Amino acid sequence: MKEEKKINENIIEGRNALLEALRAGKPIDKLYVLDGCEDGPVRTIVREAKKHDVILKFVSKERLSQLSQTGKHQGVVAFVAAYEYSEVEDMLALAKERGEDPFLILLDNIEDPHNLGAIIRTANLAGAHGVIIPKRRAVGLTATVAKTSAGALNYTPVAKVTNLKKTMEELKEKGLWFVCADMGGEQMYKLNLTGPVGLVVGNEGEGVSRLVKETCDFTAGIPMKGEIGSLNASVAAGVLAYEIVRQRLIK
């Protein structure tokens, strides 16, 4: 608990501080509001949050007290991203600037900050042009993610999108194709993973969601010889990312 207090995940509490943060365009991942509170300032905060498409959660006073570190939350507590989010277009521009085919990593419902941080670190080392995460049911750019990425967040763009499937469809129109990490997929060594590619990785429990998987062009499986069921999501992302690197090097 002491470690969590020390990191604090960039929490903002109090009505004035939060309203100013929203109006200044700070990247807020989640806003917790006292359920049933109808005060004018709180309504204004909720309205501003909706304008910026911030995820809103209406919770009990007890829950807010658990989240609060100052004890003076005034009915609102927000978690602010440790780093600014990028746009998907920034990633395509980076690929163009480097004279490379776009290589993006898309994460479907990764909720563990250590996994996200490790994947961002791998993305940087593998030369990926960016990481795309969904707004809902996924961890954002918390301080823990930043720490686990070991500095990679300074160099690797991360975009947060409302709808992963729609984003993939838009990227397909720009020439990208998508490969989904899946235990039942074709062995990765048999697939051609070159060209403008997006690697899609899901969480350990559920894998990639059905709609996102259906939007992918191929599924890639990692050969496994052991007795346990699957690899950690960040390890699977690393193995597949470096198969993409290998194939690009020998192309």
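The values are calculated or read from the model by the stated rules, or taken from the named source; none is laboratory data. The shown structure was predicted, so the numbers you read here are calculated from the model rather than taken from an experiment. Note that we place each Cβ from the backbone using ideal geometry, even for glycine, and neighbour counts take in every protein chain shown. Only protein heavy atoms, including side chains, enter the accessible area calculation; ligands, DNA and RNA are left aside. Shrake-Rupley method; radii C 1.70, N 1.55, O 1.52, S 1.80 Å.
Overview of results
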{"item": "Where L104 falls short, out of the listed (1) of a type outside the set (D, E, K, R); (2) more than 13 Å from L199 (Cβ to Cβ); (3) open to solvent by less than 10 Å² (accessible area, probe 1.4 Å)", "result": "(2)"}
{"item": "All positions within the range 96-138 that are part of a helix (DSSP H, G or I), farther than 22 Å from G175 by Cβ and among the hydrophobic types (A, V, I, L, M, F, W, C)", "result": "L116, A118, I119, I120, L125"}
{"item": "Residue list for the range 198-233, filter: at pLDDT 80 or above and of a type in the set (V, I, T)", "result": "V200, V201, V208, V212, T215, T219, I222"}
{"item": "Failed criterion for L141 (all others in (1) open to solvent by 40 Å² or more (accessible area, probe 1.4 Å); (2) assigned to a loop (DSSP other than H, G, I, E, B) hold)", "result": "(1)"}
{"item": "Residue match in the range 59-75 (condition: within 22 Å of V158 (Cα to Cα) and either open to solvent by 40 Å² or more (accessible area, probe 1.4 Å) or of a type in the set (S, T, Y) (or both))", "result": "no"}
{"item": "Test result for D112, open to solvent by less than 20 Å² (accessible area, probe 1.4 Å) and closer than 22 Å to A138 by Cβ", "result": "no"}
{"item": "Only listed residue being closer than 16 Å to P157 by Cα, open to solvent by less than 60 Å² (accessible area, probe 1.4 Å) and of a type in the set (A, V, I, L, M, F, W, C), chosen from I28, I45, I12, I120", "result": "I120"}
{"item": "Hits in the range 35-62 (condition: assigned to a strand (DSSP E or B) and over 13 Å from A78 (Cβ atoms))", "result": "F58"}
{"item": "Residue pairs meeting the criteria (Cβ under 7 Å; at least 6 apart or on separate chains; first in contact (Cβ under 8 Å) with a residue 24 or more places away in the chain, in the range 34-56; second open to solvent by 90 Å² or more (accessible area, probe 1.4 Å))", "result": "L34/K61; D35/F58; E48/R23; D53/T162; I55/R136"}
{"item": "Output for the range 70-90, where each listed residue is assigned to a loop (DSSP other than H, G, I, E, B), at pLDDT 90 or above and closer than 25 Å to V235 by Cα", "result": "Y85"}
{"item": "Some residue of the range 198-208 being surrounded by fewer than 20 Cβ atoms within 10 Å (Cβ to Cβ) and closer than 28 Å to K96 by Cβ", "result": "no"}
{"item": "Of the criteria (1) crowded, with 16+ Cβ neighbours inside 10 Å; (2) under 19 Å from the mean Cα position of the chain (by Cα); (3) more than 22 Å from L176 (Cα to Cα); (4) not hydrophobic (A, V, I, L, M, F, W, C), which one E84 fails", "result": "(1)"}
{"item": "Matching entry among A93, A21 (being out of contact with any Cys (no Cβ under 7 Å at 6 or more places or on another chain), in contact (Cβ under 8 Å) with a residue 40 or more places away in the chain and part of a helix (DSSP H, G or I))", "result": "A21"}
